[in-house]
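Read the structure below first, then the notes.
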Amino acid sequence: MAESNHIYHCINVQQFSRAFLEELSDLADKIRAIAKTKAGMEYLGSTLNHKRAMLYFVQPSTRTFLSFYSACQVLGIKCAEVRDPKTSSEVKGESEEDTVRTFSSYFDLIIMRHPRANFAEKIANLLDETARPVPVINAGSGKDQHPTQALLDIYTLRRSFAHRDGIDHKSIAFVGDLKRGRTVRSLAGLLTRFEGVKQYFVAPPEFQIGQDILDYLDEQGAEYEIVEDFESVIPKVDAIYMTRLQDEWDAVDNTNAVIDIDKYSFQERHLSLLKADGVILHPLPRRKEIAVEVDKDPRAGYWRQVRNGMWIRVALIAKIFRRAENILQYYLTNNL
Ligand code: NCD
């Protein structure tokens, strides 16, 4: 049963089925229960202590990097990292493809964040053709996809709505720079796996979600609305997903128009508009999109999101190396 939703590479959200999402979230919950004791942590740390992972993060990252790093540590996986390509042979003119292929000979798993949209997929395909293929996890690819963030967002939504029949028939508003925010693009796609979810895309026209995502939602028969006015949406939704302006892409995109994004921010006064059992999410890092005064409200879910992120990544890596059955067995045997 458990290993039936098998996963090898983790490249984009299109590859995840509803059954996979449910199984992964259940597994993460069980891993957390196991991790509460020293004996449990020792067991988890022994499950993959014969494996080595390379974290190839050539785009700025601390939270996702550390989240993966700690997830590997929980499972006993030894990690090495490349964060600055200037310190590798790429300065000698080596292609990035060759660089990563070289690493793959030393490691059992490659986790990569890269500014190019299709790079992780390209590397996964390239490694599949080699004598020693290893799995690749996409930890953020350009402006395109961030599949593991979408997994942790789904996990957080599922936990937030556990007492309300789960994610089905809930509504969510995505707010901010939806054009270049890869977390939104990934999560919007993944929410189509649930019944009757309504998505609102709330942004100035210049930062609206890409047509490719809307085409995908249409294909999947998902319900959505494009909205410009933020405040009018707040009372309608069960979850609000705030994002920051992704202005590191301005130079690449030639976006020099001055667009006022400040009104797409969640202020303390907005709390009274939000449903009593609503939840506010943010992939972080935040700037001013959520006022710090909002943090103390129980509906602020972004710090929980960070914690959930590490555990869902533990579950994902365990699945990749086919350890889910084993972990479930431990869970049952120890009456957790
Ligand atoms: C996001 C990213 O890198 O896309 N951060 C993250 O991984 N949590 C969001 C962002 O940078 O705005």
Using modelled backbone amide H atoms (1.01 Å from N, in-plane), which distant-in-sequence or interchain residues come within less than 5 Å of Phe266's amide H? Ile290, Ala291
Cα pair distances exceeding 21 angstrom across segment 34-130, given as percent: 39 percent
Dipole of the chain [Lys/Arg +1, Asp/Glu -1 at C-beta], most positive-end residue of Leu75, Gln14, Leu151: Leu75
Given only helices, namely DSSP H runs of n ≥ 4 each adding -39500 (n - 2.57), what is the per-residue ellipticity at 222 nm of the chain, to the nearest 500 deg cm²/dmol? -11000 deg cm²/dmol
Of the candidates Asp177, Asp247, Asp26, which one comes out as most mobile in a Gaussian network treatment of the chain with C-alpha springs shorter than 10 Å? Asp247
Quick check: from the Cα gyration tensor, does segment 147-306 come out rounded (a/c under 1.5), prolate or oblate? oblate
Taking loop as defined by DSSP and a crowding limit of 13 other beta carbons within 10 Å, which trypsin sites (Lys or Arg not before Pro) in segment 35-95 fit? Lys36
Gain on full stretching of the segment that runs from Glu195 to Arg83 - 0.36 nm per residue minus C-alpha separation: 36.3 nm
Could you pull out the trypsin sites (Lys or Arg not before Pro) across segment 275-317 that fall in loop regions by DSSP (anything but H, G, I, E, B) with no more than 15 other Cβ atoms inside 10 Å? Lys275, Arg287, Lys288
Per residue of segment 295-310, in order, report the coupling 6.51 cos²θ - 1.76 cosθ + 1.60 (Karplus, θ = phi - 60°) as ³J(HN,Hα) in whole Hz, putting x for Gly and Pro. 4, 7, 6, x, 7, 6, x, 6, 6, 5, 4, 4, 5, 4, x, 5
Qualifying GluC sites (Glu not before Pro) for segment 1-103 [loop in DSSP, other Cβ within 10 Å: at most 16]: Glu94
Which ³J(HN,Hα) values, rounded to whole Hz and listed in residue order, are derived for segment 46-59 from phi using the Karplus coefficients 6.51, -1.76 and 1.60 in 6.51 cos²θ - 1.76 cosθ + 1.60 with θ = phi - 60°, glycine and proline given as x? 9, 5, 9, 6, 9, 10, 10, 10, 10, 9, 9, 10, 9, 10
Provide, as a two-decimal number, the C-alpha radius of gyration of the chain over 2.2 N^0.38 Å, N being how many residues it has. 1.00
Any residue on another chain or 5+ positions along whose placed amide H is under 5 Å from the amide H of Glu81 is listed here as Leu55
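Each value in this text was obtained by applying a stated rule to the coordinates, not by laboratory testing. The model shown is predicted, which means the values in this text are computed figures rather than measured ones. Note that each Cβ is placed from the backbone with ideal geometry, even for glycine, and that neighbours are counted across all protein chains shown.
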